[in-house]
Structures are given as structure tokens and as C-alpha cells.
């Protein structure tokens, strides 16, 4: 069986050794890079299934590397940082990161996040069902294809899972915790900044006017819901 290949990028030798050794001990095939340029070069040369990417590095930092990767690939990315500030987490997620770990972190926490990201981004397709039509939005489950006004909408695996979860529950408010656990996994529940970032990205991709959403609506202090009648009902103010 082909091993899952992980690229670990960090300019701190001890962190690089710690992460790589523990992943190899669990059966992962691991590549390492000590800066952003080396990481991008390795990524171009060798297919990988997941990238664990430090933010604070010389040269192109983790934010810049993440942005460069997202221009060409949907490979899952977990960002690492010694700073656990919300603005850094939201910036990483807005750039396309799938998850975020704050240093120092334990082996079990790291492995749980790795497994959750891989489970989410390699999840089997849904049981065949008729396409869902909501306003001018169409989700074709068989092809995992989303269109808006007849035009294809490119979504990352996590964006797709979040949109599908909302669409299959159209008209029903889903709490932050329910959405996090349905999309990210049972290990999650309080990472509301993940939802802020991903809802914002989805709105930018499917809403005619992301500043005045009609499809994905906010229930303040509770969660989000898909408007079943976006062409006829006005939306509340977005978060």
C-alpha cells in the first residue's frame, strides 16, 4: 500500500526533527524542507498528500508559501506558528490553509490534526443523489461539481464539504459546533475562526454580492444556514 507522503517545512531543526520522526514512526513517508524556497521546489518535484508549514521562516514565509501553493494546488496544508493570535489564524485560513497548530504542541494533538485533515480532504464521495438546486446554485454530487449561474465554481475539498453540509440542511440553522464537527471532524468544536474564514471564502465564490449575502446567512451568536429561497428573500447583515 502506498504510504501517505507529508512535506514538513520549518527552519527550526529541532521542530523539523520532532515532527518528522513522529510522523515516520506512525508510518508516514516524510519529506523535509528548511525554508520556503526549498519547500516549493520539493513540491514541484514530488507529489505530496499533506504539507505541514511553519509561518515564521526567512525568505518567503509560511503565508507566502501557502498563497503560492494555493495558486496551483488544493493539497491540504496545516500551518505551524509560535503565535496563537486570532489574526494569524484567520489570515492563514483566508489564504487557504486547512488547519493551524500553535507551538508547542504534543504528538497526539499533531497526529489527530493530521488524521482529521486527511480524512476530510480524501473523504469518499456522497451516495449518488439528484443534484441540489438552490436559487442559481447547483451542486452535482456525482461529479462533485458546483455551478453558479451555469458557471463552474472551484472549491477546495473543505469548502465543498462546508457548502454541501449547509445545502443539505437548507433552511435549518446549524450551530458553530455542529458545522465544525460535521466538516472538520469530532476533534473540533470551538474553532469559530475557522468558520469565519471559510464562510467568507464561500461567499466570495458563490454570492453575487458577498457583502450582502443571500445564500449563506448568519444567525448571530448561533451559527449559519443556507437560505432555501435566495432569489426572493432578503438576508440579514453578514458577520
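Odds and ends about this structure:
- Cβ-to-Cβ counts within 10 Å put 52, 78 in ascending order as 78, 52, the fewest first.
- When the P(r) of the stretch 42-108 is calculated, the portion above 20 Å amounts to 23% of the C-alpha pairs.
- FRET efficiency for the pair residue 70 and residue 172, taken as 1/(1 + (r/R0)^6) with r the Cβ-Cβ distance and R0 = 25 Å, rounds to 0.20.
- Cα-based radius of gyration of the chain once divided by 2.2 N^0.38 Å, which approximates compact folds: 1.05
- In this calculation the C-beta distance from residue 85 to residue 111 is compared with R0 = 35 Å, giving a FRET efficiency of 0.90.
- Against the main long axis of the alpha-carbon atoms of the chain, helix 62-72 sits at an angle near 60°.
- Rule-of-thumb Rg ratio for the stretch 61-203 [Cα; 2.2 N^0.38 Å; N residues]: 1.07
- When only Cα pairs below 8 angstrom with a gap of at least 6 residues are kept, the chain shows a relative contact order of 13 percent.
- Relative contact order, percent, the stretch 5-121 [alpha-carbon distance under 8 Å, six or more residues apart]: 22 percent
- Helical runs assigned H by DSSP (4 residues or longer) give the chain a calculated mean residue ellipticity at 222 nm of -12000 deg cm²/dmol, each run adding -39500 (n - 2.57) before division by the residue total.
- Where Rh is the Kirkwood radius over Cα pairs, Rg/Rh for the stretch 5-121: 0.91
- Ordered by the count of other Cβ atoms within 10 Å of each Cβ, fewest first, 48, 146 give 48, 146.
- For the stretch 132-226, the fraction of alpha-carbon pairs in successive 5 Å shells from zero, as %: 3, 13, 27, 27, 18, 9, 2, 0
- For residue 122 and residue 37, the difference between the fully extended length at 0.36 nm per residue and the C-alpha to C-alpha distance is 27.9 nm.
Since every read-out is calculated from the coordinates, none of them should be taken as a lab result. Because the structure is a prediction, the values reported are computed rather than measured. FYI the Cβ positions are ideal-geometry reconstructions off the backbone, even for glycines, and counts take in every protein chain you see.
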